[in-house]
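A short worksheet on the structure shown next.
Any read-out appearing in this document is the output of simple, stated calculations on the displayed coordinates, not a laboratory observation. In this text the structure is predicted, and so the values were computed from the model without any measurement. When we count neighbours, we look across all protein chains shown, and the Cβ atoms used for this are built from the backbone with ideal geometry, even at glycine.
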Amino acid sequence: MAKTGIIWSDQYIKYNLGEGHPMNPKRLIIPYQLFKSLSLFDLPDFQFFTPSPATDSEILLFHTFNYLKTMKELSKAGKGVQLRLGLGTGDCPVFPEMHEASSLVVGGALEGVKRIQSGDVQQAFALLGGLHHAFAEKATGFCYYNDVVISIKYLQQKYGIERVLYIDTDVHHGDGVLQAFYEDKNVLGVSLHESPRFLFPGTGFTDEIGKGLGLGYTINIPLFPGTWNELYIMTFENIIPCIWEEYDPEFVIWQCGADGHYRDILGHLALTTELYSYLGKRIAELSQDCSAQGRLLLLGGGGYTPDSVARVWLASLVGVTGITIPTDSPSDWIDFCLQKYGIEVNPHLKDPPLDWKKLDGYPFIEEEIIEATQQSINYLKSLLRPVPDWKACEPFFQT
Ligand SMILES: [Zn+2]
């Protein structure tokens, strides 16, 4: 197994947007406790790292000075509103130590980058990270500082990395990251997400494929609500591997948000833990068979049903590392969740096969989802076919 770093800080719980807010510490503590209950940190190939907050100059790799200054001022006051900067909204409330907590998230992603680049580990997983919606001067979608963009810029500037592949499987479009590199071919940004016709942030349509020098280096794959594992895998395998091989990335970042799970409270996809293990395995394989030589950073992203987040992140980790896990959830984890939060977690770590048509909230017709998926794949292939760097994929695109 490849040496794997887990990045965690007890201070992560300060990233608390409110007890009634979907982004609250429960969704972090419950996965962390599951990892602890399974004694993952005692396994010889796992290493545990505690990050330091990112410095101002690291945050300024992406964000503006004005934004950083306002973040600090409001953070100190613990309240206030700056609507032009997206601060003080329902999604992004101002909270005490907002700047410090957000800096620590960036520090966690950078810790992963540094540990991988120094060779301490081959891959790393920062549980709180992948805050992909933040823009240079705007907080949005529960995200204040964009740890992904900063990590990529750090890789480019500190280590001279020329080809970063960013793959985002969060249920929401990775807008802040893809827009930051929209005209840049040094980053191949791929986002698979629930269609913007149905879900925040309303961008990420198939025809958003980059611009100028970056034309063809942004790939958006919107998925119809109710999309289930097999359709997801068909979409992934039709588009991603050929482009991945042609691009030959030197470093891979996977935003592995758990909100595509069928029990998530915000998304409407019908994915199970099995899909995430599959994705982990494939992404690790593809990262191994290219210039990245296995250098892979996982960032936790979204996910707002704590029990699902825990089991999805575990499944992703199982995929990338190949570790085996028991069938049943550990009893001390079940007790912890019940006693501390009154949450009854799933007694099994893996979901059973899902008959999505029997679920509430998926009033969609099977044929319609299959047709929409196939149309989306064909349309994207037709858009990418003229991109010179994907020429080798042309026969693949025409099948
Ligand atoms: Zn999300």
| For H21, H99, what ranking results if the residue with the fewest other Cβ atoms within 10 Å of its Cβ goes first? | H21, H99
| request: Using only alpha carbon positions, build the gyration tensor of segment 1-132, then give the equivalent ellipsoid semi-axes as the square roots of 5 times its eigenvalues, largest first, whole angstrom. | output: 29, 18, 10
| said: List the Cys residues of the chain that have no partner Cys with a C-beta closer than 4.7 Å. | reply: C92, C143, C256, C290, C337
| note | The correct pair for segment 236-326, radius of gyration to one decimal and Dmax as a whole number, both in Å and from Cα atoms, is 13.4, 38
| task | Would you mind computing, in nm to one decimal, how far apart the modelled labels at D248 and F205 are, each placed 7 Å from Cα along Cα→Cβ? | result | 3.6
| said: Can you tell me which lysines have their Cα less than 25 Å from the Cα of K153? Leave out same-chain residues fewer than eight positions away. | reply: K3, K69, K72, K114, K138, K185, K211
| message | For the chain, give me the percentage of DSSP beta bridges that are antiparallel, rounded to the nearest 5 percent. | response | 10
| query | Taking the mean number of other Cβ atoms within 10 Å as a proxy for protection, how do you rank 235-242, 315-322 from highest to lowest? | reply | 315-322, 235-242
| note | re the chain: pairs of Cα atoms spaced beyond 41 Å account for a percent value of 8
| request: With label points built 7 Å along Cα→Cβ from the Cα atoms of E183 and L60, find their separation and express it in nm. | output: 2.4
| request: May I ask you to sort S57, S9 by Cβ crowding, counting other Cβ atoms within 10 Å and putting the fewest first? | output: S57, S9
| query | What's the extension gain from K36 to Q157 if we count 0.36 nm per residue and subtract their Cα-Cα distance? | reply | 40.0 nm
| request: Would you mind ranking W254, W8 by Cβ crowding within 10 Å, fewest neighbours first? | output: W8, W254
| note | Length gained if Q398 through K69 is fully extended, taking 0.36 nm per residue and subtracting the Cα-Cα distance, is 113.3 nm
| remark: In the neighbourhood of V94 defined by beta carbon distances under 15 Å, the net charge of the other residues (Lys, Arg +1; Asp, Glu -1) is +3
| said: For a protection proxy built on the mean count of beta-carbon atoms within 10 angstrom, sort 133-140, 69-76 highest first, please. | reply: 133-140, 69-76
| field | Positive-end extreme of charge dipole, the chain - chosen from I209, L271, L231 (charges on Cβ) | value | I209
| request: Could you give the DSSP H helices of the chain that reach 20 angstrom or more along their long axis (alpha carbon positions) and whose average Kyte-Doolittle hydropathy is no lower than 1.0? | output: none
| Distance (nanometres) between label positions extended 7 Å along Cα→Cβ at H21 and A136 | 2.5
